[in-house]
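Below you'll find the structure I mean.
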Amino acid sequence: MQIQFSDAVPADLRVVGHVVSKDTMPAGLEPAITEGAEAARFKGRPGQLFEAFVTRDGKLLRLALSGAGDATGDDRSANLEKAGATLTAKYLCSGETALAVDFSGSGLTAEQAAAVLLGLRLRSWRHDIYRTKLADEKKVSLVKAVAVNAPEGTEAAWAVNDAIAQGVEFTRMLVAEPANKVFPVSFVELCQEKFAGTGAQLTVLDEDEMAKLGMGALLGVGQGSRQPSRLLAIRWNNGPKGGKPTVFVGKGVTFDTGGISLKPGAGMEDMKWDMGGAGAVAGAMLSIVKRKAAANVIGVVGLVENMPDGNAQRPGDVVTSMSGQTIEVINTDAEGRLVLCDALHWAQEEYDPAQIVDFATLTGAMIISLGHEHGGLFANDDKLADQLLGAGKGSGDKLWRMPLGPAYDKLIDSPIADIKNVGPRYAGSITAAQFLQRFIRKGTPWAHCDIAGMVWADKPGATWDKGATGYGVRLIDRFVSDNLEG
Ligand code: BES
Ligand code: MN
Ligand code: ZN
């Protein structure tokens, strides 16, 4: 959806929305609206919407009030996003092609108005390219929103949010596309297209190069697939000269069958989104690059497909990771950590990061623990953990901290190799994190975000429809803007 700015409602528009905080009805509206809203018990609650048809200058208009809740409080910007998103949800397939949001007398700041616009924009994203027989009333009609009389500075604030929206949309596309469309090589190509001309530098390693580097763990996962594995790095060096970069690493399993430890059939199609960590990292890099963030940031994604095949690795195989540590592969379905351990090690060797944060749809156990409300955060450094928790709260991509410790670490000792890739049934998300920690250099602040419950939604949320959420992009972007810039 396109966002435009104007100082009057364009004559050809029929929908005019107002953002209404609790108990603050905009002045000068027709009784059909003010009295109608009261009759309909419209209170300006977040997500609440009231619509009335009015005639102005002989023209019929659809006037909508969208609730934004209390005028103060921690939830303010989330509520404003929701007010925008609620307008979009209402008119997305209404037949209307554009709507106006009239900010006159709203009392909002530029940042707050831009939050409304971000909600509007994010809620408009759909991935309908394969639905060739959609009925007209189910097709997206809304393609434009015009911000009318937005507070001074809104356009500049929107430019930042526009970059964020582009990142979220890129991630959602990567996550939503099926695995016969997005596989390691095509993931790289899609990034090459997206980042062309942006000033970001892309580095791609193919299987031969990874073999030379000794990435036996990552390559072992991909060896049962016809799709060759890749490692992709996206570099953005716009911070202090010579400053160490912050590296974000993503799990990019473009499809996870479980391998020889095959998953059950029911629901296996979900595993097309097992590249959600890589998707989040790529989308966040796009946001960061598009808004020209003043920071040194690198995104690294390990891209593989986990398939059963005559050449697939077997339970019990021992592989040697790039770090030199040997791994007993007890369960070929615990593949994400095998991909990440080589990606993490390579990223540390290659870029000597100031800190490193990984994102992965790593364990089903994470969904059992935290459901779909929080990603799980594991960290060896309290400051980094707090910064990520703060960015989560501020952006709406929430995290909850989980423990690490030597007693958990012991659970993944192997009798025949340095480490095994699964522990006991209990504490499954924690032992997965302990596995990754063994590949972090001493003294490097590291955090791991297990986002298995967050990248896909079975029902619409605040700023997303059901499907790919784009979780992680706003978290990473906010972490960068709050802690690495200026
Ligand atoms: N990609 C899955 C984790 C997952 C499961 C994400 C369901 C989202 C929804 C991961 O590769 C996996 O299979 N993990 C196993 C680990 C187990 C074998 C120790 C799991 O969670 O069952
Ligand atoms: Mn798996
Ligand atoms: Zn997986």
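Note down the nm distance, to one decimal, between modelled labels 7 Å out along Cα→Cβ at THR203 and at ASP70.
The two pseudo-label positions are separated by 4.9 nm.
Below 17 Å, Cα to Cα, which aspartates and glutamates can LYS139 reach? Residues fewer than 8 away in the same chain don't count.
Leaving aside aspartates and glutamates fewer than 8 places away in the same chain, those within reach of LYS139 are GLU96, ASP128, ASP465.
If packing is taken as the average count of other Cβ atoms within 10 Å, what order do 81-87, 132-138, 10-16, 375-381 fall into, highest mean first?
81-87, 375-381, 10-16, 132-138
Counting DSSP beta bridges in the range 1-132, what percent are antiparallel, to the nearest 5?
Around 50 percent of the beta bridges assigned by DSSP in the range 1-132 are antiparallel ones.
Identify, among PHE255, PRO31, HIS18, the residue whose Cα sits farthest towards the positive end of the charge dipole of the chain, taking +1 on the Cβ of Lys and Arg and -1 on the Cβ of Asp and Glu, with the dipole about the Cα centre.
PRO31
Let me ask something additional. Among 21-29, 345-353, 214-222, how do they line up by average Cβ neighbours within 10 Å per residue, starting with the highest?
Output ranking for 21-29, 345-353, 214-222: 214-222, 345-353, 21-29.
Mind putting a number on the dipole of the chain about its Cα centre? Charges go on the C-beta only, +1 for Lys and Arg and -1 for Asp and Glu, and I need it in Debye to the nearest 20.
420 debye
Chymotrypsin sites (Phe, Trp or Tyr not before Pro) within the range 34-138: which are DSSP loop residues with at most 10 other Cβ atoms inside 10 Å?
Counting only loop positions with at most 10 other Cβ atoms within 10 Å, the chymotrypsin sites (Phe, Trp or Tyr not before Pro) in the range 34-138 are TYR130.
On to the next question. Could you list, in their original order, any pairs among LYS133/LYS459; LYS144/LYS398; LYS22/LYS292 whose Cα atoms are separated by more than 31 Å?
As for pairs spanning more than 31 Å Cα to Cα, those are LYS22/LYS292.
For the range 170-253, calculate the relative contact order in percent as a whole number, restricting contacts to Cα pairs under 8 Å that are 6 or more residues apart.
Here the relative contact order equals 35 percent.
Further, regarding this structure: Among the listed pairs LYS82/LYS393; LYS138/LYS263; LYS393/LYS466, give every one whose C-alpha distance is greater than 24 Å.
LYS138/LYS263
Could you name the aspartates and glutamates in cross-link range of LYS410, using Cα to Cα under 19 Å and dropping any fewer than eight places away on the same chain?
GLU328, ASP418
If you line up the long axis of helix 276-290 against the longest principal axis of the chain, both from Cα atoms, how many degrees apart are they, to the nearest 10?
60 degrees
For ALA266 paired with ALA159, estimate the spin-label separation in nm (one decimal), with each label point 7 Å from Cα along the Cα-to-Cβ line.
5.3 nm
Related question: Give the relative contact order (percent, whole number) for the chain; include only Cα pairs under 8 Å separated by 6+ residues.
Answer for the chain is 15 percent.
Could I ask something else about it? Excluding same-chain residues fewer than 8 positions from LYS181, which lysines have a Cα within less than 19 Å of its Cα?
List returned: LYS194, LYS251, LYS272.
When the chain is fully extended, how far beyond the present Cα-Cα distance does ALA8 get from ASP352, taking 0.36 nm per residue of separation?
118.6 nm
Just name one of VAL175, LEU92, ASN380: the one whose Cα is farthest towards the positive end of the charge dipole of the chain (beta-carbon charges, Lys/Arg +1, Asp/Glu -1).
LEU92
In what sequence, highest mean first, do 30-38, 471-479 appear when ranked by Cβ atoms within 10 angstrom?
Packing proxy ranking, top to bottom: 471-479, 30-38.
I've got another one for you. Please arrange GLU177, GLU152 by counting, for each residue, the other beta carbons lying within 10 Å of its beta carbon, fewest first.
The most exposed by this proxy come first: GLU152, GLU177.
Could you check what % of the DSSP bridge pairs in the chain are antiparallel, to the nearest 5?
So the antiparallel bridges in the chain amount to around 40 percent.
In nm, give the distance between the simple-model label positions of ASP57 and VAL185, each being 7 Å from the Cα along the Cα-to-Cβ direction.
5.8 nm
Using helices alone, I'd like the mean residue ellipticity at 222 nm for the chain: each DSSP H run of four-plus residues gives -39500 (n - 2.57), total over residue count, nearest 500.
Computed mean residue ellipticity for the chain: -10500 deg cm²/dmol.
Return the sequence-ordered ³J(HN,Hα) values of the range 199-216 in whole Hz as given by the Karplus equation 6.51 cos²θ - 1.76 cosθ + 1.60 applied to θ = phi - 60°, using x for Gly and Pro.
x, 6, 9, 10, 10, 10, 9, 9, 5, 4, 5, 5, 5, 4, 7, x, 7, x
No lab work stands behind these numbers, since they all come straight from the coordinates. Predicted, not measured: the structure shown is a model, and the values here were computed from it. As a convention, Cβ positions derive from the backbone with ideal geometry for all residues, glycine included, and neighbour counts pool all protein chains shown.
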